[in-house]
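Peer 1: The structure follows.
The values are calculated or read from the model by the stated rules, or taken from the named source; none is laboratory data. Treat the numbers as computed from the prediction; the structure is a model and nothing was measured. Quick reminder, even Gly has a Cβ in these numbers, built from the backbone with ideal geometry, and neighbours come from all protein chains shown.
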Amino acid sequence: MTEPKPRPKRNLKPKGIMLRPLAVTLRVTLRTTKNSPATVLYPWERLIIADGYRGRPGLVMDKCIGCGICEKICPTTCIELVEVELEGKGKVKRPQVNLGRCMMCGYCAEYCPKNAMLVTPEYELATYSRQDLIYDPFRLQYEDRPGCEVDLIEIKPSELGTGAKGHSIKGATAGLRDLPQVEDKKCISCSKCEKVCPADAVTMIEVGKNEKGRPIKRPKFDGEKCVACEQCLDNCPKDAITMKEV
Amino acid sequence: MTEMWLNMGPQHPMTHGLWNLRVKIDGETITEAEPVIGYLHRGWEKLAEHRMYPQIIPMADRLCYGASMSWSHLYCMAAEEMMGVEIPERAKYIRTIVLEAQRIGSHLMWLAALGTDLGSYTIFLYPMRERELFLDLMQNLCGARMTYNYPRIGGVRNDVPPNFERDFTKVLDHFEKRIPDYEALCDESTIFRMRTEDVGKLTAEQAKNLGVTGPNLRGSGVDYDIRRDDPYEAYADIDFNVCVQQGCDAYARYRVRMDEMYESVDIIRQAIKKMPDGPVRVRPPRTAPKGKTGFAHVEDPRGEGLMYIIGNGDDRPYRLKVRSPIFVTVSAAPYMLKGYKVADVPSIMGSVDMCLGETDR
Amino acid sequence: MYGLYEFVQGISVWLMGIVGWIFDFITLQGVADWFRSSGVVWFLTNFIVALLVFIVGFLVSITFIWEERKVLGRLMDRRGTQVGVLGLFQNFADGLKAFVKEIIIPTEVDKWVYDAAPVILIGFSALMIGLIPMSDSWMLSNLPAGLLMVFAIFSIAPFAILIGGWASNNKYTVMGGMRAAAQLISYEVPLLLSLVGVVVLVGSFSFADIVHFQQSHTWLVIPQIIGFIVFTVAAMAEVERIPFDLPEAEAELVEGWMTEYGGMRFGLMMLSEYIRAYAACSVAVLLFLGGWDGPSFIWPEIWFILKVLMLFALWIWVRGALVRVTTKQILGLGWTRLLPLALVNLAVAVTLRVTGVF
Amino acid sequence: MEEQRSGLARGGLTAEEIAKRITERFPTGVSITSAKPYRIYSKVDSDSLLKLCHFIKDELDFEHVSCLGGVDWLAENKMQTVYHITSYANRVTMEMVVDLPRDKPEVDSITPLWGGANWHERETYDMFGIIFKGHPRLERILNPEGTEVFPFRKDYVTGRRV
């Protein structure tokens, strides 16, 4: 590598008092009079929206499993899981977004393990009242189309420099996600984790019987299905579950 | 009464944000000046202590709207230093490219603000017109126009879109032809030269001692640029000049920034050419050990930005300290202003490139 | 040529005839005679003529604002105002908005003076419109000293600015008023000196005489080019336009002497500025660019208005291209550059006169 | 190649050399944790801070205060001030950590040496209540005058209105 070449010095002394600024503005005037100016007549003309533009969040109801990762990662805590009645599923939890607080960072779509949260190209969101800014899960729905999903492709630190391609953490991701672990002594076999798990990744396995004859169950976590949402952690009555980082 | 205090701010066209410049004037000559800040204080550092590591990135974007990516990038660098994360080569190059694009955007906005300060709305609109092109590039890259949320601890959010190279090359070619327009409006206008030359003198000694950094420091003739002298990301592999002017006045500071725009264009071109293939994001640890510290400093468009971060054993930092360049530079304002006229205040403070979001934090 | 005055006089006589006939009909002979008397007709004629002249001048001033918005927009690569057809309704929308705004008077202002300043400004600006002829027929009166009169009125504005700034009880307005006073005083001298050349050549202060002189000889911009430049620069400073808008330098003095005025007071002050710009442009056209002189396929009034608008476009261009100067520089420019130039111009005029070229 | 561009070859001292000179000069009071290119990390006693600062300013060309901040360690019952001082000539940034007792956080001001530390020290006082002895004007800067709490201390209850 060579030392960079210094830039040629240009003569920037004012020539003819102030003729140059006048000439430049005149050139622009002639150009804008002939062609149209740089400004856009907004309601009639619009800027081109790029692929992956981050407008308001959108939700694909069928894909959502109600894991609550979006609620946890949201920096402004504008996402809240609310109970909704769904056909065929009964009462389930789905995200509701308060767009008055949303800053369109796209984290919910990025960290969503099922690509149920989307970034939509909708940006005209003004309403007349703050109530109207709260989008319930049904209003939040958006058609599931390519370009709105945000993929999260990462490599493990150990793979750095090995020429490894990234792995998407969405879909089947055994060994790429953090996995919960159960601490044997603390667990009281309550099966709560099995009930709250949104991805059906927890199965209670009988490992023996206690002195009263009741079965002792321990959860088994399925690495293929687990989405690392930490619902089991939060709901464990004895704090017996911890996350094991990959 | 021969002297009076004049409050320029907090609501004043000169201030570019919320701060108060109290000047004591004798007629129109400034005899004393006292910047008052804190109107925009949001407790950013305390807020960050209550956020998870990834959640701080969009917050860091809001430190400065002019060059938001350089702040979130700085946060990521500091966190990587603390966690000991290495990032992929390609991510380094992408970061270099967007940082330089941010630098151009920030400098364009500064030029625009300087234009309105000096009374020319034309100088406001021309740079803003070209800044729009860079916003469009960023929109293609990461989906947002101003607060990008693009760098991540361990890389960047996504790989560059298709046509990235073509778009950048086109915009840069167009932009490079536009810079002479600004120079014609500013450099080659006698009145602009009269307004900016020999005002706001800050000698090299003063500038060093008062902690003035970045283009303001180089305008005082000190040859120091963190990009070259403490290289981060891919700057070590790229050839560029450090723009230094010996004038020590507002015009020198202006000139440094204009030259830096040319340099940034060159840097982006080189980086695009050298960009390797590969992954762009390493999985970072979710938590950081307690008591582990790390700091990183970068050449922000406005000067030296530094973040010092301490881990807490869980997924939130224990302490995050931000050094904002303008916070220190504005403390040097009394030295720049003393002895000049009230009419020189806009050109002096305009040449400093104020940004209150990062100053008050 | 049928003049405006005669035309309106005819209408007045006709109108008064009708009114007189009505009073005749109801057998009020004395009242009818009074309405038909020459005094009433004379008054009505003058009233209507004055109204017409004022309205037309006023509309041209408003066109100035529109022109500034549009031309400045194109200079800056944008479209300018879009309200209504070609943005023509913007001024009326602005005026309406200014009218319905709440009248806010800051505490501890000197109320009488605070109220008087906009009145003085707009009043004398409107008076100036009346004094500027648009053609031989489109004028209120051919004053023998019309030029002097216009500039006497022109220099009353700094007084209003000064007292307005002082009465507002605000540091910015006081500084703005002081700057205005300093600037206007220093520019009054080159402004008037640059006109002396024309007066020397023509030998009259009357606008009509000056234009007739140019019609018979040549446009005075040719021998008096230095005077024209000096006049343009000085007039820009007088009207406080960028690059010379120090008294209202918004970057340092917020809005200068206008800071504390709001609503229609502010609207009137802005309007008076454009009226003053119109007056300055008109005087420049009358004195240097041949006034209403031009090929006769359109009316001379249209020629005049076109020339004035073209000259103002030049001002807008300068505004778009340049930045504001500082007090020190503006005073330096006035006293050390413009004043000697004006004197040179005067010397040229005297030489031309003495050698008998004109 | 990198060295050539970095300015280490421009006649400046390397970080290791600086660390050596500091340990020679200050056998006690200053402990260099690590030194690598462009970086020196050190822990300094609050008594020897000012002496060290004089030394590195006058003899080692450290011209610029990059950063100065405070840390409140509630559990360890101590406070820290952290200095990052840069040398333009040597291209080295040095981190100095000074431990202070939490009940009486006082440290010498370095503002007389570097004017750039002025507002940083004011801010640290404002947020942590650390007293900088010898500071020309130790007042509130970001918080309004008359605030009675130090909001960045860990025992400050967030959410409370002052």
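Peer 1: Looking at (1) surrounded by fewer than 22 Cβ atoms within 10 Å (Cβ to Cβ); (2) within 11 Å of chain B (Cβ to nearest Cβ), which is the one condition that is false for D:Ile131?
Peer 2: (2)
Peer 1: Sort through B:Glu304, B:Glu299 and tell me the only one that's in a strand (DSSP E or B), more than 11 Å from chain D (Cβ to nearest Cβ) and either over 23 Å from the mean Cα position of the chain (by Cα) or at pLDDT 85 or above (or both).
Peer 2: B:Glu299
Peer 1: Scan region B:256-308 residue by residue and report those that are farther than 24 Å from D:Met94 by Cβ and among the hydrophobic types (A, V, I, L, M, F, W, C).
Peer 2: Matches in region B:256-308: B:Val256, B:Met258, B:Met261, B:Val265, B:Ile267, B:Ile268, B:Ala271, B:Ile272, B:Met275, B:Val280, B:Val282.
Peer 1: On to the next question. Condition test on C:Ala347, is it more than 14 Å from chain B (Cβ to nearest Cβ), touching a helix residue (DSSP H, G or I) at 6+ places or on another chain (Cβ under 9 Å), in contact (Cβ under 8 Å) with a residue 40 or more places away in the chain and assigned to a helix (DSSP H, G or I)?
Peer 2: Considered against the rule, which asks whether it is more than 14 Å from chain B (Cβ to nearest Cβ), touching a helix residue (DSSP H, G or I) at 6+ places or on another chain (Cβ under 9 Å), in contact (Cβ under 8 Å) with a residue 40 or more places away in the chain and assigned to a helix (DSSP H, G or I), C:Ala347 comes out as no.
Peer 1: With the structure loaded, tell me whether B:Gly155 is more than 20 Å from A:Pro121 (Cα to Cα), buried (at least 17 other Cβ atoms within 10 Å of the Cβ) and more than 10 Å from every other protein chain (Cβ to nearest Cβ) or whether it fails that test.
Peer 2: No; evaluated as a whole, the condition is false for this residue.
Peer 1: I've got another one for you. Looking only at region B:1-51, filter to residues that are assigned to a helix (DSSP H, G or I) and among the hydrophobic types (A, V, I, L, M, F, W, C); which one of those is surrounded by the most Cβ atoms within 10 Å (Cβ to Cβ)?
Peer 2: Going through the qualifying residues, I end up with B:Ala48.
Peer 1: Quick one: is B:Val160 assigned to a loop (DSSP other than H, G, I, E, B), surrounded by 20 or more Cβ atoms within 10 Å (Cβ to Cβ), under 18 Å from the mean Cα position of the chain (by Cα) and of a type in the set (A, V, I, L, M)?
Peer 2: No.
Peer 1: A further question on this structure: In region B:76-90, how many are within 13 Å of chain A (Cβ to nearest Cβ) and either out of contact with any Pro (no Cβ under 8 Å at 6 or more places or on another chain) or at pLDDT 90 or above (or both)?
Peer 2: Selection size over region B:76-90: 2.
Peer 1: Another question, then. If the requirement is being surrounded by fewer than 19 Cβ atoms within 10 Å (Cβ to Cβ) and either basic (Lys, Arg) or over 30 Å from B:Pro127 (Cα atoms) (or both), which of these qualifies: C:Val100, C:Val53, C:Val49?
Peer 2: Answer to the check: C:Val100.
Peer 1: While we're here: Is it fair to say C:Val198 is surrounded by 20 or more Cβ atoms within 10 Å (Cβ to Cβ) and within 15 Å of C:Leu343 (Cβ to Cβ)?
Peer 2: Considered against the rule, which asks whether it is surrounded by 20 or more Cβ atoms within 10 Å (Cβ to Cβ) and within 15 Å of C:Leu343 (Cβ to Cβ), C:Val198 comes out as yes.
Peer 1: Considering region A:54-84 alone, what residues qualify as being within 14 Å of chain B (Cβ to nearest Cβ), over 24 Å from A:Leu233 (Cβ atoms) and surrounded by fewer than 22 Cβ atoms within 10 Å (Cβ to Cβ)?
Peer 2: Those that are within 14 Å of chain B (Cβ to nearest Cβ), over 24 Å from A:Leu233 (Cβ atoms) and surrounded by fewer than 22 Cβ atoms within 10 Å (Cβ to Cβ): A:Gly55, A:Arg56.
Residues are listed down the side, and each one gets a yes or a no for (1) free of Cβ contacts under 8 Å to residues at least 24 places away in the same chain; (2) part of a helix (DSSP H, G or I); (3) surrounded by 24 or more Cβ atoms within 10 Å (Cβ to Cβ):
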| position | (1), (2), (3) |
| --- | --- |
| B:Arg90 | no, yes, no |
| B:Leu99 | no, yes, yes |
| B:Ile104 | no, yes, yes |
| B:Trp110 | no, yes, yes |
| B:Arg131 | no, yes, no |
| B:Leu135 | no, yes, no |
| B:Gln139 | yes, yes, no |
| B:Ala144 | yes, no, yes |
| B:Asn149 | no, no, yes |
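Peer 1: For D:Val98, indicate whether it is touching a Lys or Arg at 6+ places or on another chain (Cβ under 7 Å), of a type in the set (Val, Ile, Thr) and not in a loop (DSSP other than H, G, I, E, B).
Peer 2: Answer is no for this residue.
Peer 1: Just one of D:Arg5, D:Arg39, D:Arg25, D:Arg21 is crowded, with 20+ Cβ neighbours inside 10 Å and either modelled with pLDDT of 85 or more or not β-branched (Val, Ile, Thr) (or both); which is it?
Peer 2: Matching residue, one of D:Arg5, D:Arg39, D:Arg25, D:Arg21: D:Arg5.
Peer 1: Still on this model: Considering only region A:10-38, how many residues are in a loop (DSSP other than H, G, I, E, B) and not aliphatic (A, V, I, L, M)?
Peer 2: 9
Peer 1: Just for helices (runs of 4 or more DSSP H) wholly inside region C:29-132: which have at least 1 residues that are within 25 Å of the chain's Cα centre (by Cα) and within 14 Å of another protein chain (Cβ to nearest Cβ)?
Peer 2: C:38-75
Peer 1: Moving to a separate point now. Please work out if B:Met59 is touching a Phe, Trp or Tyr at 6+ places or on another chain (Cβ under 6 Å), part of a helix (DSSP H, G or I), within 14 Å of chain A (Cβ to nearest Cβ) and modelled with pLDDT of 85 or more.
Peer 2: No, not satisfied.
Peer 1: Here is a follow-up. Which is within 10 Å of another protein chain (Cβ to nearest Cβ) and in contact with a Leu (Cβ under 9 Å, 6 or more places away or on another chain), of B:Pro279, B:Pro284?
Peer 2: Only one candidate passes the filter, namely B:Pro279.
Residues checked against (1) part of a loop (DSSP other than H, G, I, E, B); (2) over 15 Å from the mean Cα position of the chain (by Cα):
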| residue | (1), (2) |
| --- | --- |
| A:Pro43 | yes, yes |
| A:Ile49 | yes, yes |
| A:Val84 | no, yes |
| A:Gln96 | no, no |
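Peer 1: Something else: Just the residues that are under 22 Å from A:Glu230 (Cβ atoms) and either of a type outside the set (A, V, I, L, M) or more than 14 Å from chain B (Cβ to nearest Cβ) (or both), please, taken from region A:99-112.
Peer 2: A:Cys105, A:Gly106, A:Tyr107, A:Cys108, A:Glu110, A:Tyr111, A:Cys112
Peer 1: Consider region B:80-125. How many of its residues are small (Gly, Ala, Ser), more than 15 Å from B:Met138 (Cα to Cα) and in contact with a Lys or Arg (Cβ under 8 Å, 6 or more places away or on another chain)?
Peer 2: Counting residues in region B:80-125 that are small (Gly, Ala, Ser), more than 15 Å from B:Met138 (Cα to Cα) and in contact with a Lys or Arg (Cβ under 8 Å, 6 or more places away or on another chain) gives 4.
Peer 1: In region C:291-307, is there at least one residue being of a type in the set (Gly, Ala, Ser) and surrounded by fewer than 19 Cβ atoms within 10 Å (Cβ to Cβ)?
Peer 2: Yes, region C:291-307 contains at least one residue that is of a type in the set (Gly, Ala, Ser) and surrounded by fewer than 19 Cβ atoms within 10 Å (Cβ to Cβ).
Peer 1: Taking region D:81-105, which residues are without any contact (Cβ under 8 Å) to a residue 60 or more places away in the chain and either more than 13 Å from the chain's Cα centre (by Cα) or at the interface with chain B (Cβ under 9 Å from one of its Cβ atoms) (or both)?
Peer 2: Passing the criteria: D:Val82, D:His84, D:Thr86, D:Tyr88, D:Thr93, D:Glu95, D:Val97, D:Pro101, D:Arg102, D:Asp103, D:Lys104, D:Pro105.
Peer 1: Looking only at region A:171-188, count every residue that is more than 8 Å from every other protein chain (Cβ to nearest Cβ) and at pLDDT 75 or above and tell me the total.
Peer 2: Looking only at that region, the number is 10.
Peer 1: Tell me which residues, restricted to region A:138-153, are surrounded by 15 or more Cβ atoms within 10 Å (Cβ to Cβ), modelled with pLDDT of 80 or more and not in a loop (DSSP other than H, G, I, E, B).
Peer 2: Answer for region A:138-153, where residues must be surrounded by 15 or more Cβ atoms within 10 Å (Cβ to Cβ), modelled with pLDDT of 80 or more and not in a loop (DSSP other than H, G, I, E, B): A:Leu140, A:Gln141.
Peer 1: While we're looking at this one, here's another question. Among (1) more than 20 Å from C:Glu250 (Cα to Cα); (2) surrounded by 23 or more Cβ atoms within 10 Å (Cβ to Cβ); (3) out of contact with any Pro (no Cβ under 6 Å at 6 or more places or on another chain), where does B:Ala333 come up short?
Peer 2: The single condition B:Ala333 does not satisfy is (3).
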